[in-house]
Amino acid sequence: MKRNLLVLGAYSVLTLAMLWPLPLLFTKAIPGDGFDGWQNYWNIWWVSKAVLEEHTSPYFTRYLYYPTGVSLLFHTLNLPNGLLAMPIQVLFGPIVAYNFIVLISSALSGYGSFLLAFELTRSRWASFLAGLIYAFSPFRSAHLLGHMQVFSTEWIPFFVLALFRARQGKSPLLPAIFLVLSSLCDWYQALYLGLFTAIYLGWLTWKKALTRKEALRVAAAWGIAGLMLSPLILPMLWEMSRYRFMFAPTEHASLLSADLLAFFIPSEFHPLWGKWVGKIAGHFTASLSERTVSLGYAPLILALMAWKAKERVSLWLIVGLSFVLLALGPYLHIMGKTIPLPLPYAFLRPIPIVAMARSVSRFSLMATLSLAMMAALGAKTMGSRLLLLFMALILLEYWPSPYPFSPPDTPNFYQKLAQEPGQFAILNLPMNWDRPRYLLYQTVHGKPLVSGYISRDDPRTLVERMPVLQHFRNLGEDIIKVDLAEVTPSVMAYLGVKYVVLDFYQMPGGEEREKTVALAMEMFGKSEPIYKDERLVVYRVPTPVKAVPFLFLGDGWGKFNGSFRSIRGEATFFLHAPEPSTVHVAMEVSSLSGGLLKVGVSSFRIRPQEKALISFPVEAKAGDNVVVLGWEPELKGEELRVWSIRLLGPAQRRGAIEAIAHQKWARP
């Protein structure tokens, strides 16, 4: 036990050294580039708040995309980190909690791979070397920039070790627990470990070393893990059967795959040769964190020595090569150039869990673990001096210091906002795409946000469906046509928004800033800002003098393409009415093949290749009223294009009647 604690302590000390200046900034900043890191910082804050204050599941929050909230099932919540950091956060705050996870994740990654290598080599020094390779690999250094869920690799070697022992007769419960921990850190890891298990069983079968009883123990471990994860897996499967937002775009599989050369060049994070390597890596298709899969020359030399000495490397060689091939993506890339040679990933891509993986290069994690095991096997017969030399070379190769750090830069306004009582929401601008810094600010002020920043954009959020929000998202109108000045107070009241915050540090110059500011002035410019400095302009949303009805989209709508949205089969929209009334709705639609559009008890014949204008009344009760559109095309599968949808005032209704008389509008 004492030796194990010394090993764990050694990896902890080395983590502090390798990630210098982490010891100096442990209470002041988090490692990374100040982007995705704040999302994971928020994850730690939210898990603690959900469990200790809200007493609710962390996998759903109303603190983002308020008031409806959003599911976090497909978000990289990495629950084990949040739970592990909870007491640290309560005592010392989220910065220390975040850095504690960084420290413990690296130390446990090293320790877990040490134990796994010791199972193979029975050499403590060779096993310690394996831990250095796995814990301080360039892959982990790259994802520390902001991907804590990817950086949390600690449970993988524990699973593999427990799986080996379960096959030999130990309880399958322990590998199941480590599989659950890995999966909850990052669902990618469940995929990796599933493939590893399949390769392992295949290798045993090839070696004629697998009995039926052993296979059942391995299956039992996966079955137990499946049962433990079923409260999450079952609703995820249900959502996957109805929606597609959780699946990564096809082009990402190619763009975010590894370049073959990337495995054999040094790390870009190295203080001596990193800039030179960066000039080469700049030709690769992926971003810095996703293209960094360097294996290192010293580990490769040790692995080659193990192979030449005919050590037991066949399993690890097969696993390593398999995951390198998968990390290369659907087609081979060399120096950024695509070679139209289909690779194994192209054939796995149709599998749903594979299609969910956006960043294909991350398969290389298991290649790093395999390399660490082969290197340990190559080093086990070395003399102590030579082995220490290789350890030093590995640390030198992998050295990423000084590592970049990002201090929180929360504006003073949010400190004051935290003191304001009451439940109300904040609308942060710009929001044409989601900024992670708004999550950082929320950890200070604690108020719900109308938008957010999650791993997969969920089209069910009101940001994508409600006017005003759509205007800021698209930097222009969507298909719902409104008078912004008239409808904005009612929409803001519906959303519970009290303050609108324009953050000019989050707005680059040019069209994005001009359109965001112009929309804000149109909606809120009649009021004086309640707060203003060089960075922020804050408006308090006025209470509507008279609430007005407005529309927002429901389910069944295609993405806005700049001009229209399409529907196939059935779609819905909502009419929010402040009081019971009869409200008239107008739509402009078209179809290539024509067909029948049903709206409640009314039906409209849409002619082929002609825009049609339709109008219909809705008997609205106070609150939200759902309107169902049913589309029956003449040609099966043909979409209905909806160019506009609006509410008609009295004057507009008279114009509609005249238009129908002149056959400009489609007749029921």
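The values are calculated or read from the model by the stated rules, or taken from the named source; none is laboratory data. Computed from a predicted structure; not experimentally measured. Counting neighbours? That spans all protein chains shown, and the Cβs are built from the backbone with ideal geometry, glycine included. Side chains included, ligands, DNA and RNA excluded: accessible areas come from the protein's heavy atoms. Shrake-Rupley method; radii C 1.70, N 1.55, O 1.52, S 1.80 Å.
Specify whether the C-alpha gyration tensor of the stretch 151-266 places it in the rounded, prolate or oblate class, a ≥ b ≥ c being the square roots of the eigenvalues: rounded for a/c under 1.5, otherwise prolate if a/b is larger than b/c and oblate if not.
Oblate, since a/c reaches 1.5 and b/c is not below a/b.
So what's the net charge close to residue 291: Lys and Arg +1, Asp and Glu -1, counting the other residues with Cβ under 10 Å from its Cβ?
That works out to -3.
Would you rank 605, 212 by solvent-accessible area, highest first, keeping every protein chain in place and using a 1.4 Å probe?
If we order 605, 212 from most to least accessible, we get 212, 605.
Kindly provide the pair-distance distribution of the stretch 344-413 built from C-alpha pairs, with 5 Å bins from 0 and whole-percent values in order of increasing distance.
Percent of pairs per bin, in order: 3, 10, 12, 13, 12, 10, 12, 12, 9, 4, 2, 1, 0.
Once you order the gyration tensor axes a ≥ b ≥ c over the Cα atoms, which shape class does the stretch 332-374 get: rounded for a/c under 1.5, otherwise prolate or oblate by comparing a/b with b/c?
Oblate, because a/c is 1.5 or more while a/b does not exceed b/c.
Straight-line reach from residue 611: which lysines have Cα under 26 Å away, leaving out those fewer than 8 places along the same chain?
481, 559, 598, 636, 664
Taking H as built 1.01 Å from N, whose amide H comes closer than 5 Å to the amide H of residue 592, not counting residues under 5 places away?
609
Between helix 155-167 and the chain, what is the angle of the helix's C-alpha long axis to the longest principal axis, kept within 0 to 90° and rounded to the nearest 10?
In the chain, helix 155-167 runs at an angle near 60 degrees to the longest axis.
Leaving ligands, DNA and RNA out of it, rank 492, 521 by accessible area with a 1.4 Å probe, largest first.
Reading off the accessible areas and sorting them downward yields 521, 492.
Using the crude model of +1 on Lys and Arg Cβ and -1 on Asp and Glu Cβ, and no other charge, please compute the dipole size for the chain relative to its Cα centre, in debye to 20.
Dipole magnitude for the chain comes out near 1960 debye.
If amide H atoms are built 1.01 Å from N in the plane of the peptide, which residues on other chains or at least 5 residues away come under 5 Å of the amide H of residue 625?
When sequence neighbours closer than 5 places are left aside, the close amide H contacts are 575, 576, 577.
Report the Cα centroid-to-centroid distance between the stretch 135-164 and the stretch 34-82 in angstrom, as an integer.
Here the answer is 22 Å between Cα centres.
Roughly how many Å² is the accessible area per residue of the stretch 383-519, as a whole number, for a 1.4 Å probe?
36
Nearest 0.05, what FRET efficiency do residue 119 and residue 555 give at R0 = 51 Å with Cβ-Cβ as r?
0.50
What net charge do the residues around residue 518 carry, taking every other residue with its C-beta under 13 Å from that of residue 518, with Lys and Arg at +1 and Asp and Glu at -1?
My count for the surroundings of residue 518 gives -3.
Report the Cα centroid-to-centroid distance between the stretch 515-588 and the stretch 202-226 in angstrom, as an integer.
First find each Cα centre; the distance between them is then 56 Å.
In straight Cα distance, which aspartates and glutamates are under 12 Å from residue 621, not counting same-chain residues fewer than 8 positions off?
Leaving aside aspartates and glutamates fewer than 8 places away in the same chain, those within reach of residue 621 are 579.
Residue 638: net charge of surrounding residues, Cβ under 12 Å, Lys/Arg +1, Asp/Glu -1, itself excluded?
Taking every other residue near residue 638 into account, the sum is 0.
Work out how much length residue 643 to residue 207 would gain on full extension: take 0.36 nm times their residue separation and subtract the Cα-Cα distance, in nm to one decimal.
Additional length available on full extension: 150.6 nm.
Check residue 644: other-chain or 5+ apart residues with amide H under 5 Å from its amide H, H built from backbone geometry?
It is 588, by chain and number.
So for the pair residue 602, residue 547, with labels modelled 7 Å out along Cα→Cβ, what separation do we get in nm?
Output for this residue pair reads 2.5 nm.
Taking all protein chains as present, what is the carbon and sulfur share of the accessible area of the chain, in % to the nearest whole number, probe 1.4 Å?
Summing carbon and sulfur atoms, their accessible area is 62 percent of the total for the chain.
Measure nothing fancy, just the Cα-based angle from helix 314-327's long axis to the longest principal axis of the chain, in degrees from 0 to 90, nearest 10.
Around 30 degrees separate the two axes.
Could you let me know the centre-to-centre spacing of the stretch 430-457 and the stretch 276-350, using Cα atoms, in angstrom?
Cα centroid to Cα centroid, the span is 35 Å.
Please give the calculated 222 nm ellipticity per residue for the chain, where each DSSP H segment of at least 4 residues contributes -39500 (n - 2.57) and the sum is spread over every residue; nearest 500 deg cm²/dmol?
-15000 deg cm²/dmol
Calculate how steeply helix 124-135 sits against the longest principal axis of the alpha-carbon atoms of the chain, using the helix alpha-carbon long axis, and give the answer as 0 to 90 degrees to the nearest 10.
Orientation of helix 124-135: about 20 degrees from the principal axis.
Can you tell me how much longer the chain between residue 234 and residue 280 gets when fully stretched, taken as 0.36 nm per residue apart minus their C-alpha distance, in nm with one decimal?
Value of the extension gain: 12.1 nm.
Just to verify a number: what accessible area does residue 358 come out at with the full protein assembly present, 1.4 Å probe, Å² rounded to tens?
Counting only protein heavy atoms, residue 358 exposes about 80 Å² to solvent.
Among 301, 152, 587, flag the residue with its Cα farthest along the positive direction of the charge dipole of the chain, charges on Cβ as +1 for Lys/Arg and -1 for Asp/Glu.
301
Starting from the Cα of residue 532, draw a straight line to each of the aspartates and glutamates and keep only those under 15 Å, dropping any in the same chain fewer than 8 residues away.
Answer for residue 532, where 15 Å is the Cα cut-off: 503, listed by chain and number.
Estimate the FRET efficiency between residue 416 and residue 477 by the formula 1/(1 + (r/R0)^6), using the beta-carbon distance for r and 35 Å for R0, to the nearest 0.05.
Efficiency, from the Cβ-Cβ distance: 0.55.
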